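The values are calculated or read from the model by the stated rules, or taken from the named source; none is laboratory data. Just so it is clear, the structure is predicted and the values come from calculations on it, not from any experiment. Backbone-built Cβ (ideal geometry, glycine too); neighbour counts: all protein chains shown. Accessible surface areas use protein heavy atoms only, side chains included; no ligands, DNA or RNA. Shrake-Rupley method; radii C 1.70, N 1.55, O 1.52, S 1.80 Å.
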Amino acid sequence: MEVLIVEDDPLHRSYLHDAVRAALPECDLVLEAENGRVGEGLARQHRSAHIVMDLQMSERNGIEAARTIWKERPDTRILFWSNYADEAYVRGVSRIVPEGAAYGYVLKSASDDRLKLALRSIFMEAQCVIDREVRGMQQKSLGHVNGFTDVEYEILIDIALGLTDRMIARRHNLSLRSVQNRLQQLYEKLNVYQRVGEDMEEGRYNLRGRAVAVALLRKLINYSALERAEAELNEWLGVKQN
């Protein structure tokens, strides 16, 4: 049995190495990669079936690396180990997990025992292990009152990228009216409607810009999500132009 660790912090890599050895005496070899790009290469070279993956890395983040790895080998078991339970990361992971895949999402603040249990459960028993805080964010993101539907979230990303209503409609095969209705729902859920009062002028905000700002402050979107979305947009535009 081999385990690949993909983590850009040397101290965290060392900690994970020790944790893997302690939790998995069946492991014959522990491989280490300092970023997602190197991790993709090692996973391909060794046909790695068991991977511990950091999410935020300076070169090729964990979501992009995992998506490539899963595209090539959908049965790969991946444990995401991260400091972050932001909705942007949780949604990013949820979007790329293959159907039926065994994976986990454990925060770096979790105890040693929790991490070791996750390693054994995912790699040896093919069970999914999700930290409570992350699971709560997943459930919230799936809600229709406090969270966003997938289409609403995609439209939020699109307005962050600067797309017009008509371009959003084309991209998602929606009518212009449907896009505008979903934008209104976004504004409502983000609480960015204008409120006219004694100390507030009407028309103070551009609602699209305000929605993006609030989404960033609430960590609904982040740099990684926008970087990934920009690449997907350019790919879509390239297909449309050919």
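Once the C-beta distance of E26 and S94 is scaled by a Förster radius of 41 Å, the resulting FRET efficiency is 0.90 to the nearest 0.05.
Taking 0.36 nm per residue of sequence separation and removing the Cα-Cα distance, the L176/M124 pair yields an extension gain of 13.8 nm. Across the accessible surface of segment 56-117, with the other protein chains kept in place and a 1.4 Å probe, carbon and sulfur atoms take up 41 percent. When the P(r) of segment 69-192 is calculated, the portion above 20 Å amounts to 54% of the C-alpha pairs. The calculated FRET efficiency for the pair E152 and E59, based on their C-beta separation and a Förster distance of 45 Å, comes to about 0.90. Only Cα pairs under 8 Å and 6+ residues apart enter the sum, and on that basis the relative contact order of the chain stands at 14 percent. Between the helical axis of 62-72 and the dominant principal axis of the chain, each derived from Cα atoms, what acute angle in degrees is found, rounded to the nearest 10? Helix 62-72 sits at roughly 70 degrees to that axis.
Antiparallel DSSP bridges in the chain: what percent, to the nearest 5? Approximately 5 percent, going by the DSSP bridge assignments. As a length-normalised measure over Cα pairs under 8 Å and 6 or more apart, the relative contact order of segment 1-102 settles at 26 percent. Other residues within the sphere of radius under 9 Å centred on the Cβ of C27, judged by their own Cβ, net out at -2 (K and R +1, D and E -1). Applying 0.36 nm per residue to the separation of E2 and E232 and subtracting their alpha-carbon distance, the gain on full extension is 79.5 nm. Does the chain classify as rounded, prolate or oblate by the C-alpha gyration tensor (a ≥ b ≥ c root eigenvalues; a/c under 1.5 gives rounded; else a/b over b/c gives prolate, otherwise oblate)? The shape class here is prolate.
Principal-axis analysis of the Cα atoms of the chain puts helix 87-96 at an angle of about 70° to the longest axis. Using only side-chain charges placed at the Cβ, +1 for Lys and Arg and -1 for Asp and Glu, the dipole size of segment 32-171 relative to its Cα centre rounds to 280 debye. Compared with the dominant principal axis of the Cα atoms in the chain, helix 207-217 is inclined by about 30°. So what is the 222 nm mean residue ellipticity for the chain from helices alone, if each DSSP H run of at least 4 adds -39500 (n - 2.57) and you divide by all residues, rounding to the nearest 500 deg cm²/dmol? The helix-only estimate for the chain comes to -17000 deg cm²/dmol at 222 nm.
Solvent-accessible surface of segment 15-161, taken per residue with a 1.4 Å probe and all protein chains present: 46 Å².
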